[in-house]
Amino acid sequence: MKQTTHPYLILTALWLIVVSVSSQVLIIAPILPFISAELGVSASLQGGLISAYAVMAAAFALFAGPFSDAVGRRKILLFGAASMTAALLLHGVVENVILLFMARALAGLGAGLLSGAPPAYIGDYFPYEKRGWANGLVQSGQAISQLVGIPAGILLAETFGFKATFLMFACTMGTACLLIYFFVPQPDVERDTIKIDLSRILEKYRKILQDQTSRVALLSFFLMFFSLLAYVTYLPTWLRGTLGLAGKELASLFFFGGLATVIAVPLAGIVSDRIGRKPILVISSFGLAIIMLATPYILKSLMIAYILFFLAMTKIAMRISPHQSLLTSLSKSTKRGSLMSLNATMGQLGVALGSAIAGPLYAGFGYVSNAIFAGVLMLGAGFIIVKYLPEPKME
(Lines give C-alpha, C1' and ligand atoms only; values in the text may rest on other atoms or scores of the structure.)
Protein backbone atom coordinates (compact mmCIF):
# COMPACT_ATOMS: atom_id res chain seq x y z
CA MET A 1 0.00 0.00 0.00
CA LYS A 2 1.45 3.35 -1.03
CA GLN A 3 1.34 5.99 1.65
CA THR A 4 2.16 9.65 1.86
CA THR A 5 2.88 11.72 4.90
CA HIS A 6 1.54 14.97 3.45
CA PRO A 7 -0.01 16.66 6.50
CA TYR A 8 -3.00 18.17 4.70
CA LEU A 9 -4.25 14.78 3.48
CA ILE A 10 -3.97 13.47 7.04
CA LEU A 11 -5.79 16.51 8.43
CA THR A 12 -8.51 16.19 5.77
CA ALA A 13 -9.22 12.61 6.82
CA LEU A 14 -9.38 13.57 10.49
CA TRP A 15 -11.51 16.63 9.67
CA LEU A 16 -14.07 14.48 7.82
CA ILE A 17 -14.26 12.19 10.85
CA VAL A 18 -14.99 15.15 13.13
CA VAL A 19 -17.62 16.51 10.72
CA SER A 20 -19.38 13.15 10.51
CA VAL A 21 -19.28 12.30 14.23
CA SER A 22 -20.28 15.81 15.35
CA SER A 23 -23.26 15.74 12.99
CA GLN A 24 -24.46 12.46 14.48
CA VAL A 25 -24.65 14.09 17.91
CA LEU A 26 -26.87 16.90 16.63
CA ILE A 27 -28.92 15.48 13.78
CA ILE A 28 -31.46 13.20 15.49
CA ALA A 29 -33.51 15.84 17.33
CA PRO A 30 -34.50 17.99 14.31
CA ILE A 31 -35.40 14.99 12.10
CA LEU A 32 -37.38 13.03 14.69
CA PRO A 33 -40.71 14.07 13.09
CA PHE A 34 -39.60 12.54 9.77
CA ILE A 35 -38.41 9.34 11.49
CA SER A 36 -41.69 9.06 13.37
CA ALA A 37 -43.72 9.59 10.21
CA GLU A 38 -41.88 6.91 8.25
CA LEU A 39 -41.42 4.24 10.94
CA GLY A 40 -44.15 5.10 13.41
CA VAL A 41 -41.76 5.59 16.35
CA SER A 42 -43.78 6.56 19.42
CA ALA A 43 -42.92 9.67 21.39
CA SER A 44 -41.83 7.57 24.36
CA LEU A 45 -39.22 5.77 22.24
CA GLN A 46 -37.84 8.73 20.32
CA GLY A 47 -35.50 9.82 23.10
CA GLY A 48 -34.09 6.30 23.18
CA LEU A 49 -32.62 6.81 19.72
CA ILE A 50 -30.33 9.44 21.22
CA SER A 51 -29.60 7.33 24.32
CA ALA A 52 -28.69 4.22 22.29
CA TYR A 53 -26.04 6.22 20.43
CA ALA A 54 -24.71 8.04 23.50
CA VAL A 55 -24.41 4.96 25.72
CA MET A 56 -22.47 3.00 23.11
CA ALA A 57 -20.25 5.99 22.34
CA ALA A 58 -19.38 6.49 26.01
CA ALA A 59 -18.68 2.79 26.62
CA PHE A 60 -16.49 2.18 23.59
CA ALA A 61 -14.57 5.43 24.06
CA LEU A 62 -13.15 4.00 27.28
CA PHE A 63 -11.95 0.84 25.52
CA ALA A 64 -10.73 2.49 22.33
CA GLY A 65 -7.98 4.56 23.95
CA PRO A 66 -6.01 1.72 25.56
CA PHE A 67 -6.34 -0.40 22.41
CA SER A 68 -5.06 2.44 20.24
CA ASP A 69 -2.06 2.76 22.58
CA ALA A 70 -1.27 -0.90 21.88
CA VAL A 71 -2.20 -1.51 18.23
CA GLY A 72 -1.59 1.98 16.89
CA ARG A 73 -3.78 4.96 16.15
CA ARG A 74 -4.16 4.20 12.44
CA LYS A 75 -5.90 0.85 13.00
CA ILE A 76 -8.42 2.38 15.41
CA LEU A 77 -9.12 5.23 13.00
CA LEU A 78 -9.61 2.80 10.12
CA PHE A 79 -11.80 0.35 12.05
CA GLY A 80 -13.86 3.13 13.64
CA ALA A 81 -14.45 4.90 10.32
CA ALA A 82 -15.37 1.62 8.59
CA SER A 83 -17.75 0.66 11.42
CA MET A 84 -19.50 4.00 11.36
CA THR A 85 -19.75 4.01 7.57
CA ALA A 86 -21.43 0.59 7.73
CA ALA A 87 -23.77 1.78 10.48
CA LEU A 88 -24.78 4.88 8.52
CA LEU A 89 -25.42 2.77 5.41
CA LEU A 90 -27.59 0.48 7.55
CA HIS A 91 -29.74 3.52 8.37
CA GLY A 92 -30.57 3.69 4.68
CA VAL A 93 -32.24 0.27 4.61
CA VAL A 94 -33.98 0.06 8.00
CA GLU A 95 -37.66 -0.80 7.79
CA ASN A 96 -38.63 -0.90 11.46
CA VAL A 97 -37.84 0.63 14.83
CA ILE A 98 -35.74 -2.28 16.08
CA LEU A 99 -33.35 -2.06 13.13
CA LEU A 100 -33.08 1.69 13.57
CA PHE A 101 -32.12 1.26 17.22
CA MET A 102 -29.49 -1.29 16.16
CA ALA A 103 -28.15 1.11 13.56
CA ARG A 104 -27.93 3.94 16.09
CA ALA A 105 -26.12 1.67 18.58
CA LEU A 106 -23.62 0.59 15.90
CA ALA A 107 -23.07 4.23 14.96
CA GLY A 108 -22.39 4.94 18.64
CA LEU A 109 -19.82 2.14 18.68
CA GLY A 110 -17.98 3.76 15.79
CA ALA A 111 -18.22 7.18 17.43
CA GLY A 112 -16.77 5.78 20.63
CA LEU A 113 -13.81 4.31 18.77
CA LEU A 114 -13.21 7.64 17.04
CA SER A 115 -13.91 10.02 19.92
CA GLY A 116 -10.33 10.42 21.13
CA ALA A 117 -8.48 9.10 18.09
CA PRO A 118 -8.05 12.29 15.98
CA PRO A 119 -6.38 14.41 18.73
CA ALA A 120 -4.36 11.38 19.87
CA TYR A 121 -3.10 10.87 16.30
CA ILE A 122 -2.21 14.56 16.09
CA GLY A 123 -0.30 14.19 19.36
CA ASP A 124 1.67 11.28 17.87
CA TYR A 125 2.33 12.75 14.44
CA PHE A 126 2.80 16.50 14.91
CA PRO A 127 5.40 18.26 17.10
CA TYR A 128 3.94 19.98 20.16
CA GLU A 129 4.47 23.49 18.78
CA LYS A 130 2.18 22.66 15.81
CA ARG A 131 -0.54 20.71 17.58
CA GLY A 132 -2.67 23.76 18.30
CA TRP A 133 -2.72 24.58 14.58
CA ALA A 134 -3.46 20.97 13.60
CA ASN A 135 -6.15 20.45 16.25
CA GLY A 136 -7.71 23.78 15.34
CA LEU A 137 -8.07 22.79 11.68
CA VAL A 138 -9.46 19.35 12.49
CA GLN A 139 -11.87 20.51 15.19
CA SER A 140 -13.26 23.20 12.88
CA GLY A 141 -15.21 20.24 11.52
CA GLN A 142 -17.57 20.67 14.48
CA ALA A 143 -18.48 24.13 13.24
CA ILE A 144 -18.92 22.93 9.66
CA SER A 145 -21.29 20.23 10.85
CA GLN A 146 -23.38 22.93 12.50
CA LEU A 147 -23.21 25.32 9.55
CA VAL A 148 -23.64 22.86 6.69
CA GLY A 149 -24.16 19.27 7.83
CA ILE A 150 -27.23 19.75 10.01
CA PRO A 151 -29.17 22.11 7.69
CA ALA A 152 -28.38 19.86 4.71
CA GLY A 153 -29.47 16.79 6.68
CA ILE A 154 -32.78 18.39 7.64
CA LEU A 155 -33.44 19.43 4.04
CA LEU A 156 -32.71 15.92 2.77
CA ALA A 157 -34.99 14.36 5.39
CA GLU A 158 -37.80 16.72 4.48
CA THR A 159 -37.37 16.15 0.73
CA PHE A 160 -36.38 12.48 0.40
CA GLY A 161 -36.97 10.95 3.84
CA PHE A 162 -34.70 10.54 6.87
CA LYS A 163 -32.68 7.71 5.28
CA ALA A 164 -31.18 10.14 2.78
CA THR A 165 -29.73 12.16 5.67
CA PHE A 166 -27.71 9.24 6.99
CA LEU A 167 -26.62 8.17 3.52
CA MET A 168 -25.12 11.64 3.09
CA PHE A 169 -23.09 11.20 6.28
CA ALA A 170 -22.11 7.69 5.16
CA CYS A 171 -20.48 9.36 2.14
CA THR A 172 -18.44 11.76 4.28
CA MET A 173 -17.33 9.03 6.70
CA GLY A 174 -16.66 6.62 3.85
CA THR A 175 -14.43 9.21 2.22
CA ALA A 176 -12.52 9.56 5.50
CA CYS A 177 -12.13 5.77 5.63
CA LEU A 178 -10.61 5.68 2.13
CA LEU A 179 -8.24 8.55 2.91
CA ILE A 180 -7.06 6.77 6.05
CA TYR A 181 -6.48 3.51 4.17
CA PHE A 182 -4.47 5.04 1.35
CA PHE A 183 -2.83 8.14 2.79
CA VAL A 184 -2.65 8.10 6.60
CA PRO A 185 0.40 6.29 8.02
CA GLN A 186 0.94 4.91 11.48
CA PRO A 187 3.17 7.41 13.36
CA ASP A 188 6.54 6.05 14.41
CA VAL A 189 5.99 6.25 18.16
CA GLU A 190 6.37 3.85 21.06
CA ARG A 191 3.39 1.57 21.66
CA ASP A 192 2.12 -0.13 24.78
CA THR A 193 3.46 -3.70 24.61
CA ILE A 194 1.53 -5.08 27.59
CA LYS A 195 -1.45 -7.30 26.77
CA ILE A 196 -4.69 -5.34 26.89
CA ASP A 197 -7.53 -6.75 28.98
CA LEU A 198 -10.13 -5.28 31.35
CA SER A 199 -7.83 -5.25 34.36
CA ARG A 200 -5.09 -3.58 32.32
CA ILE A 201 -7.51 -0.96 31.01
CA LEU A 202 -8.72 -0.15 34.53
CA GLU A 203 -5.11 0.03 35.73
CA LYS A 204 -4.21 2.49 32.96
CA TYR A 205 -7.07 4.77 33.89
CA ARG A 206 -6.19 4.51 37.57
CA LYS A 207 -2.64 5.65 36.83
CA ILE A 208 -3.88 8.53 34.68
CA LEU A 209 -6.16 9.72 37.48
CA GLN A 210 -3.30 9.57 39.99
CA ASP A 211 -1.70 12.51 38.17
CA GLN A 212 -3.07 15.79 39.50
CA THR A 213 -2.58 17.71 36.26
CA SER A 214 -4.54 15.10 34.33
CA ARG A 215 -7.32 15.15 36.93
CA VAL A 216 -7.59 18.94 36.74
CA ALA A 217 -7.65 18.96 32.93
CA LEU A 218 -10.35 16.27 32.86
CA LEU A 219 -12.40 18.00 35.55
CA SER A 220 -12.27 21.33 33.70
CA PHE A 221 -13.48 19.62 30.52
CA PHE A 222 -16.34 17.96 32.41
CA LEU A 223 -17.35 21.27 34.01
CA MET A 224 -17.30 23.03 30.66
CA PHE A 225 -19.88 20.66 29.15
CA PHE A 226 -21.87 20.41 32.38
CA SER A 227 -22.12 24.22 32.43
CA LEU A 228 -22.72 24.57 28.69
CA LEU A 229 -25.67 22.14 28.57
CA ALA A 230 -27.24 23.66 31.68
CA TYR A 231 -27.04 27.02 29.88
CA VAL A 232 -28.00 26.18 26.31
CA THR A 233 -30.60 23.39 26.59
CA TYR A 234 -33.53 25.71 27.36
CA LEU A 235 -32.10 28.88 25.83
CA PRO A 236 -34.16 28.50 22.61
CA THR A 237 -37.33 27.83 24.63
CA TRP A 238 -36.71 30.90 26.77
CA LEU A 239 -36.01 33.04 23.71
CA ARG A 240 -39.27 31.92 22.14
CA GLY A 241 -41.15 32.95 25.25
CA THR A 242 -39.42 36.25 25.99
CA LEU A 243 -38.65 37.59 22.51
CA GLY A 244 -41.19 35.64 20.49
CA LEU A 245 -38.53 34.33 18.10
CA ALA A 246 -39.74 32.08 15.31
CA GLY A 247 -38.01 28.94 14.11
CA LYS A 248 -36.16 30.69 11.26
CA GLU A 249 -34.82 33.32 13.65
CA LEU A 250 -33.58 30.65 16.06
CA ALA A 251 -31.98 28.76 13.18
CA SER A 252 -30.21 31.91 12.05
CA LEU A 253 -28.99 32.45 15.61
CA PHE A 254 -27.32 29.04 15.70
CA PHE A 255 -25.97 29.53 12.19
CA PHE A 256 -24.42 32.81 13.33
CA GLY A 257 -22.91 30.99 16.31
CA GLY A 258 -21.47 28.43 13.93
CA LEU A 259 -19.67 31.18 12.05
CA ALA A 260 -18.02 32.22 15.31
CA THR A 261 -16.85 28.65 15.81
CA VAL A 262 -15.37 28.44 12.32
CA ILE A 263 -13.28 31.53 13.06
CA ALA A 264 -12.35 30.84 16.67
CA VAL A 265 -11.33 27.16 16.61
CA PRO A 266 -8.35 27.39 14.23
CA LEU A 267 -7.37 30.88 15.42
CA ALA A 268 -7.27 29.81 19.07
CA GLY A 269 -5.10 26.84 18.13
CA ILE A 270 -2.58 29.01 16.31
CA VAL A 271 -2.47 31.62 19.09
CA SER A 272 -2.06 28.94 21.77
CA ASP A 273 1.01 27.64 19.91
CA ARG A 274 2.56 31.07 20.49
CA ILE A 275 1.42 32.20 23.93
CA GLY A 276 0.56 28.88 25.60
CA ARG A 277 -2.58 26.82 26.25
CA LYS A 278 -3.41 27.99 29.75
CA PRO A 279 -4.00 31.71 28.97
CA ILE A 280 -6.54 30.77 26.28
CA LEU A 281 -8.36 28.39 28.64
CA VAL A 282 -8.50 31.02 31.40
CA ILE A 283 -9.80 33.77 29.08
CA SER A 284 -12.39 31.40 27.66
CA SER A 285 -13.63 30.20 31.05
CA PHE A 286 -14.05 33.59 32.71
CA GLY A 287 -15.37 35.23 29.55
CA LEU A 288 -18.01 32.54 29.09
CA ALA A 289 -18.98 32.73 32.78
CA ILE A 290 -19.64 36.48 32.44
CA ILE A 291 -21.77 35.93 29.33
CA MET A 292 -23.80 33.21 31.05
CA LEU A 293 -24.44 35.25 34.18
CA ALA A 294 -25.41 38.33 32.16
CA THR A 295 -27.69 36.62 29.64
CA PRO A 296 -31.07 36.75 31.46
CA TYR A 297 -30.55 40.41 32.43
CA ILE A 298 -29.32 42.00 29.19
CA LEU A 299 -30.79 39.82 26.44
CA LYS A 300 -33.73 42.03 25.50
CA SER A 301 -33.65 42.00 21.69
CA LEU A 302 -32.72 39.82 18.73
CA MET A 303 -29.66 41.96 18.03
CA ILE A 304 -28.34 41.44 21.55
CA ALA A 305 -29.09 37.73 21.17
CA TYR A 306 -26.90 37.60 18.05
CA ILE A 307 -24.06 39.40 19.83
CA LEU A 308 -24.22 37.30 23.00
CA PHE A 309 -24.49 34.01 21.14
CA PHE A 310 -21.61 34.93 18.85
CA LEU A 311 -19.45 35.79 21.86
CA ALA A 312 -20.52 32.66 23.76
CA MET A 313 -19.73 30.36 20.83
CA THR A 314 -16.40 32.14 20.38
CA LYS A 315 -15.44 31.48 24.01
CA ILE A 316 -16.54 27.84 23.77
CA ALA A 317 -14.64 27.31 20.53
CA MET A 318 -11.50 28.90 22.00
CA ARG A 319 -11.20 26.01 24.46
CA ILE A 320 -11.32 23.09 22.03
CA SER A 321 -7.93 23.08 20.36
CA PRO A 322 -5.82 24.41 23.31
CA HIS A 323 -7.38 21.88 25.68
CA GLN A 324 -6.74 18.93 23.40
CA SER A 325 -3.22 20.11 22.61
CA LEU A 326 -2.50 20.46 26.32
CA LEU A 327 -3.75 16.94 26.99
CA THR A 328 -1.41 15.47 24.38
CA SER A 329 1.53 16.79 26.41
CA LEU A 330 0.44 15.10 29.66
CA SER A 331 1.27 11.53 28.66
CA LYS A 332 3.61 9.69 26.34
CA SER A 333 2.37 7.86 23.28
CA THR A 334 1.74 4.60 25.17
CA LYS A 335 -0.95 6.32 27.27
CA ARG A 336 -2.06 9.20 25.05
CA GLY A 337 -5.01 7.38 23.48
CA SER A 338 -6.31 6.36 26.90
CA LEU A 339 -6.15 9.92 28.18
CA MET A 340 -7.94 11.34 25.13
CA SER A 341 -10.67 8.69 25.36
CA LEU A 342 -11.17 9.37 29.06
CA ASN A 343 -11.41 13.07 28.24
CA ALA A 344 -14.11 12.35 25.64
CA THR A 345 -16.06 10.29 28.16
CA MET A 346 -15.85 13.09 30.74
CA GLY A 347 -17.26 15.49 28.16
CA GLN A 348 -20.15 13.13 27.39
CA LEU A 349 -20.85 12.76 31.09
CA GLY A 350 -20.98 16.55 31.41
CA VAL A 351 -23.45 16.70 28.51
CA ALA A 352 -25.69 14.09 30.13
CA LEU A 353 -25.72 15.73 33.57
CA GLY A 354 -26.03 19.28 32.27
CA SER A 355 -29.01 18.47 30.07
CA ALA A 356 -30.59 16.43 32.89
CA ILE A 357 -30.43 19.23 35.45
CA ALA A 358 -31.44 21.97 32.98
CA GLY A 359 -35.09 20.85 32.94
CA PRO A 360 -35.77 20.92 36.70
CA LEU A 361 -34.00 24.28 37.00
CA TYR A 362 -36.01 25.83 34.19
CA ALA A 363 -39.33 24.39 35.32
CA GLY A 364 -38.81 25.27 38.97
CA PHE A 365 -37.11 28.66 38.90
CA GLY A 366 -37.06 29.96 35.32
CA TYR A 367 -34.17 30.44 32.93
CA VAL A 368 -32.35 32.81 35.27
CA SER A 369 -31.52 29.77 37.44
CA ASN A 370 -30.03 27.97 34.44
CA ALA A 371 -27.84 30.95 33.60
CA ILE A 372 -26.65 31.48 37.17
CA PHE A 373 -25.98 27.78 37.77
CA ALA A 374 -24.04 27.52 34.50
CA GLY A 375 -22.10 30.73 35.14
CA VAL A 376 -21.04 29.65 38.63
CA LEU A 377 -19.87 26.28 37.30
CA MET A 378 -17.84 27.98 34.61
CA LEU A 379 -16.30 30.35 37.14
CA GLY A 380 -15.31 27.29 39.15
CA ALA A 381 -13.69 25.76 36.09
CA GLY A 382 -11.74 28.97 35.54
CA PHE A 383 -10.44 29.11 39.11
CA ILE A 384 -9.41 25.44 38.94
CA ILE A 385 -7.43 26.10 35.77
CA VAL A 386 -5.74 29.20 37.24
CA LYS A 387 -4.71 27.51 40.47
CA TYR A 388 -4.02 23.89 39.57
CA LEU A 389 -3.36 23.52 35.83
CA PRO A 390 0.26 24.25 34.86
CA GLU A 391 1.34 25.35 31.40
CA PRO A 392 3.10 22.34 29.78
CA LYS A 393 6.61 22.76 28.49
CA MET A 394 7.36 22.55 24.81
CA GLU A 395 8.63 19.13 23.84
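The values are calculated or read from the model by the stated rules, or taken from the named source; none is laboratory data. Remember, predicted model here, so these are calculated numbers, not experimental data. Here the Cβ positions follow ideal geometry from the backbone for every residue, glycine too, while neighbour counts run over all protein chains shown.
Numerical summary
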{"item": "Considering residues of the range 377-392 that are closer than 14 Å to I283 by Cβ and surrounded by fewer than 17 Cβ atoms within 10 Å (Cβ to Cβ) only, the residue modelled with the highest pLDDT", "result": "F383"}
{"item": "Subset of the range 143-172 that is of a type in the set (S, T, N, Q) and crowded, with 24+ Cβ neighbours inside 10 Å - its residue that is farthest from L330 (Cα to Cα)", "result": "T165"}
{"item": "Test result for D192, part of a loop (DSSP other than H, G, I, E, B), under 22 Å from P7 (Cα atoms), among the charged types (D, E, K, R) and not assigned by TED's automatic domain parsing to the domain that holds F34", "result": "no"}
{"item": "A230 vs. criteria out of contact with any Lys or Arg (no Cβ under 7 Å at 6 or more places or on another chain), farther than 30 Å from K335 by Cα and at pLDDT 90 or above", "result": "no"}
{"item": "Any helices (runs of 4 or more DSSP H) falling wholly within the range 1-99 and containing at least 1 residues that are within 19 Å of the chain's Cα centre (by Cα), at pLDDT 90 or above and farther than 29 Å from A157 by Cα", "result": "7-39, 73-91"}
{"item": "Top-ranked residue of the range 173-222 - restricted to ones that are surrounded by fewer than 19 Cβ atoms within 10 Å (Cβ to Cβ) and of a type in the set (S, T, N, Q), ranked as nearest to I280 (Cα to Cα)", "result": "T213"}
{"item": "Which numbered condition A82 misses (of (1) more than 27 Å from I31 (Cα to Cα); (2) buried (at least 18 other Cβ atoms within 10 Å of the Cβ))", "result": "(1)"}
{"item": "Among the candidates L100, L88, L109, residue that is surrounded by 19 or more Cβ atoms within 10 Å (Cβ to Cβ), free of Cβ contacts under 8 Å to residues at least 60 places away in the same chain and outside the structural domain of T328 (by TED's automatic domain parsing)", "result": "L109"}
{"item": "Enumeration of residues in the range 171-219 that are small (G, A, S) and modelled with pLDDT of 90 or more", "result": "G174, A176"}
{"item": "Residue check, A358 under 30 Å from D273 (Cβ atoms), buried (at least 22 other Cβ atoms within 10 Å of the Cβ) and outside the structural domain of S22 (by TED's automatic domain parsing)", "result": "no"}
